[in-house]
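Undergrad: Just dropping this structure here.
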Amino acid sequence: MRRRDFCAASLIGALALSLAEPAPAQAPRLKAVATFSILGDFVQNVGGDRIELITLVGPGGDAHVYTPSPADARRVADAAIVFVNGLGFEGWLSRLIKTSGAKAIVETAKGVTPLKSETEHGHNHDHGGLDPHAWQNVANAKIYVGNIRDALVRLDPAGADVYQANAAAYLAKLDALEREVTSAIERIPPERRKVITSHDAFGYFAKAYGLQFIAPQGGSTDAEASAKDVARIIRQIRREKIPAVFLENVSDPRLIQRIAQESGARVGQELYSDALSPPDGPAGTYIDMVRHNIKALSAALSP
Ligand code: ZN
């Protein structure tokens with residue numbers, strides 16, 4: 001009997017102890033959704049341990065032509081906050097948000113100076129003629145990060161200090177990255193600062209850093225270049241002595257390979273435009289992606 005009493009007492013004691021001292025501040029993490037991998041990286045850097053993040057279009061995925069699954073609708077419905085690019089990038093999104101009844105939607109590109117889409121090729125997304133690829137200018141990435149920080153602070157004021165500190169640390173890294181890009185491009189002779197890519201994803205990069213990108217496929221990955229377009233590009237490469245052509249991780253490689261073969265231009269390493277690589281690849285984060293792209297451009301464009 002004594003022994004049983006002792007057990008019961010110690011059990012009650014343990015129970016009282018566990019009620020009095022909950023495990024060290026395991027507040028439930030804020031459920032957040034980001035639409036694509038590059039944006040997911042920004043959100044994770046700011047949200048840190050306070051958020052539980054789901055990214056809908058993962059590494060290597062093409063967010064222009066994505067088809068959301070029923071599971072995505074549930075994820076959006078469950079999330080406390082949904083981060084989107086905006087500028088018409090996620091053409092499939094408005095329906096998903098309508099059907100899932102998402103709560104807070106944050107357009108992270110809000111505040112960037114939008115560029116017009118260069119081409120009038122067929123798009124399957126409705127972006128009102130704007131170029132959605134604003135993240136390719138590091139200065140714009142900083143605007144995204146500021147928007148993400150402000151939205152998280154509004155929604156979860158208890159974490160304000162954490163979000164502000166995380167954002168400040170990440171913004172400092174982006175400042176350093178911006179200087180890296182500028183000095184890498186400055187080392188390329190001005191007359192060689194022109195390249196061909198398969199879809200028109202580098203407008204913001206081109207404008208910010210002074211490179212000329214020519215894209216036979218237009219602004220989306222679902223548009224087809226005609227034989228006439230290809231012939232025109234090949235003539236242009238020869239006439240303007242364009243040193244290199246590039247593939248992107250989201251595009252069909254055959255078009256660029258054909259252009260390279262017929263024009264004699266160098267084929268550069270794959271550029272990352274709309275999606276990160278898997279974590280163990282060369283562009284597992286936004287910062288690594290930009291570094292990879294400037295290395296690839298420098299290598300192919302230097303004399
Ligand atoms: Zn794109």
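Undergrad: Whole-Å semi-axes of segment 30-178's equivalent ellipsoid, largest first, each the root of 5 times a Cα gyration tensor eigenvalue?
TA: After scaling each eigenvalue by five and taking roots: 24, 20, 12 Å.
Undergrad: Turning to a different aspect of this structure: Residues of segment 258-284 with the amide nitrogen closer than 12 Å to a label point 7 Å from the Cα of Glu180, along Cα-to-Cβ, please.
TA: Within reach of a label on Glu180, which here means backbone N under 12 Å from a point 7 Å along Cα→Cβ, segment 258-284 contributes 283-284.
Undergrad: Can you divide the C-alpha Rg of segment 148-303 by 2.2 N^0.38 Å and report the result to two decimal places? Don't skip to the end; give the middle numbers.
TA: Values: Rg = 18.2 Å, N = 156, 2.2 N^0.38 = 15.0 Å.
Dividing the Cα radius of gyration by 2.2 N^0.38 Å gives 1.21.
Undergrad: In whole percent, how big is the carbon plus sulfur part of the accessible area of segment 247-291, probe 1.4 Å, protein atoms only? Provide the component values of the computation, followed by the final result.
TA: On the way: 980 of 2070 Å².
After summing per-atom areas, the C and S share lands at 47 percent.
Undergrad: Add +1 for every Lys or Arg and -1 for every Asp or Glu among the other residues with Cβ under 9 Å from the Cβ of His133, and state the total.
TA: Around His133, the charge tally is -3.
Undergrad: Compute the accessible area per residue over segment 147-303, keeping the other protein chains in place, probe 1.4 Å, unit Å².
TA: Roughly 45 Å² per residue, with all protein chains present.
Undergrad: Please get the size of the charge dipole for segment 185-301, origin at its Cα centre, with Cβ charges of +1 on Lys and Arg and -1 on Asp and Glu, quoted in debye to the nearest 20.
TA: The calculated dipole for segment 185-301 is roughly 700 debye.
Undergrad: Can you give the local net charge around Glu191? Use residues other than it whose beta-carbon is closer than 12 angstrom to its beta-carbon, Lys and Arg +1, Asp and Glu -1.
TA: Its environment carries a net charge of +3.
Undergrad: Add +1 for every Lys or Arg and -1 for every Asp or Glu among the other residues with Cβ under 15 Å from the Cβ of Ala167, and state the total.
TA: -1
Undergrad: Additional query: State the Cα centre-to-centre distance between segment 151-210 and segment 37-70 in whole Å.
TA: Computed from Cα coordinates, the inter-centre distance equals 18 Å.
Undergrad: Then there's this: Expressed in nm to one decimal, what extension gain is obtained for the pair Ala168 and Lys228 from 0.36 nm per residue of sequence separation less their Cα-Cα distance? Mind showing how you got there, number by number?
TA: Working: separation 60, 0.36 × 60 = 21.60 nm, distance 4.90 nm.
Computed gain between Ala168 and Lys228 is 16.7 nm.
The values are calculated or read from the model by the stated rules, or taken from the named source; none is laboratory data. None of the values given here were measured: they were computed from a predicted structure. FYI the Cβ positions are ideal-geometry reconstructions off the backbone, even for glycines, and counts take in every protein chain you see. Accessible surface is based on the protein model in full, side chains and every heavy atom, while ligands, DNA and RNA are left aside. Shrake-Rupley method; radii C 1.70, N 1.55, O 1.52, S 1.80 Å.
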